[in-house]
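Quick note: the coordinates plus some simple rules give every number you see, no bench work behind them. What you are looking at is a predicted structure, and each value in this text was computed from that prediction instead of being measured. Every residue, glycine among them, receives a Cβ derived from its backbone with ideal geometry; neighbour counts consider all protein chains shown.
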Amino acid sequence: MNTRLAEIYDGKEWKLPKEWFDKYPWLMSFNFHQFNAVRKDSFMWKMDNGKVEEYAVRRVYKSLCMNGPKVLWSGAVWFSQNIPKHAFILWLAFKFRLLTQDRLLSWGFVGDLRCSLCKRCPDSHKHLFFECEYALAVWRRCKVFGKMIDAPNSWPDIVKFVEEKGFMKSVWGVIGRLVLAASVYFIWQERNRRQFEEERRSVQQVCDIVFETVRLRLLGLTFKDTVSVRMAADIWGFEVKAKDIGNSLNGFENLGVG
Ligand SMILES: [Zn+2]
C-alpha cells in the first residue's frame, strides 16, 4: 500500500512481473492522467465535462447524480421544519411512486386489489389521494387545520395548487405544509396497516394523529412573536417564545418564522 507509482512505472512501461499482466489484463490499458515521478500520487476522477479533477466522494456523487430541472413543488416537501419520514412519503406521492396495487398489478401481483380503506374501489394512487371516501374525509378535516380550505381534493390538482401557492415562510405556510405531509403520511400508513395488519382507525382517529403530530412539531420550533403567530399558537396550543437560536429543535434556527 505504501508503494509509490514511480517505483513500479517508469513513465512508459510497468516495472511489474510479467505474470501480473495475465492476471490483471486491465493493467495493459491503464491510463494515467499525468505521470510525474516527483509529485505525490493521487487519485483522479474524470467528470462529465471531460475535466479531470482530484477524486472526492462529493465530486463523484455529483457527477453520478442525474441533475434534472428543479420541480416547482420541492419547497412543499424539503423544508427544514418538515418531519423527515413525512417528507419522504410526500416526495414519493408527488412523484406518483407510492406502491399501490395498480403498480403491483403491472408486475404480475395477484391478490385482493381493492382499496383497504373503503374496500370498494381498486387501490391506486389516484383513488387514495383523495377519491377514496375515507381518505377524502381525512383530507377535508385536515385542510381546515392547515388553513387550506381552498386546496383541491385530487392529487394532480393539489400538485398544481402547491406549485402556484409556493408556500411562504410564514407560520401558516409552515403549518400548511406540515399538515399536507402528515395527512399523506398517515393516510398511507393507515392504508398499509389495514392491508397488512388488519388494524383499523377511524377517520377521526387519523385526523387526531395528524393534528397531534403537527402540534408536537410546532412545539419544537421557535417563532417570531407576531399577531398571526399568536393566532396560530392559540389554535395549535404552542407557546410563542422570543426568538432563541439555541433553543430550536435540531439546531435549526427555523428561519425566524413569523
Ligand atoms: Zn378507498
Listing Val171, Val144, Val57, Val229 by rising number of other beta-carbon atoms within 10 angstrom, fewest first, gives Val57, Val144, Val229, Val171
What longest range of the chain stays clear of loop-exposed chymotrypsin sites (Phe, Trp or Tyr not before Pro) (DSSP non-H/G/I/E/B, at most 13 other C-beta within 10 angstrom)? 110-251
In whole percent, what relative contact order does the chain give with Cα contacts below 8 Å and a gap of six or more residues? 14
Extension gain Gln204-Val52, at 0.36 nm per residue separation less the Cα-Cα distance, in nm? 48.9 nm
Measure off 7 Å from each Cα along the Cα-to-Cβ vector at Thr3 and Gln34, then give the distance between these two points in nanometres to one decimal. 2.5
Exposed-loop-free span, longest in the chain, where GluC sites (Glu not before Pro) count as exposed if DSSP calls them loop and at most 16 other C-beta atoms lie within 10 Å: 14-197
Say R0 is 30 Å: what FRET efficiency, to the nearest 0.05, do Ser63 and Glu19 get from their beta-carbon distance? 0.25
What number, rounded to the nearest 500 deg cm²/dmol, is the helix-based mean residue ellipticity at 222 nm of the chain, given -39500 (n - 2.57) per DSSP H run of at least four residues and division by all its residues? -12500 deg cm²/dmol
Looking only at lysines whose Cα falls under 25 Å of Lys40's and that sit 8 or more positions away or on another chain, we get Lys12, Lys15, Lys51
Exposure-ranked with fewest Cβ neighbours within 10 Å first, Met1, Met168 stand as Met1, Met168
Restricting to Cα pairs below 8 Å that are 6+ residues apart, what does the relative contact order work out to for the stretch 86-131? Please round to a whole percent. 33
Could you give the length gained by full extension between Leu72 and Leu27, i.e. 0.36 nm per residue of separation minus their alpha carbon distance, to one decimal place? 11.4 nm
Quick check on my link table: of Lys70/Lys95; Lys70/Lys147; Lys85/Lys224; Lys95/Lys147, which ones sit more than 18 Å apart, alpha carbon to alpha carbon? Lys70/Lys147; Lys85/Lys224; Lys95/Lys147
Using each residue's phi in the stretch 40-54, evaluate 6.51 cos²θ - 1.76 cosθ + 1.60 at θ = phi - 60° and report the 3J(HN,Hα) Karplus result to the nearest Hz, with x for Gly and Pro. 5, 5, 8, 8, 10, 9, 7, 7, 4, 7, x, 6, 9, 10, 4
When only C-alpha pairs under 8 Å and at least 6 residues apart count, what is the relative contact order of the stretch 134-241, in percent? 28
Points 7 angstrom from Cα along the Cβ direction at Val110 and Met231: gap in nanometres? 5.8
Sequence-distant residues sharing a close amide H with Arg114 (under 5 Å, placed H): Asp123
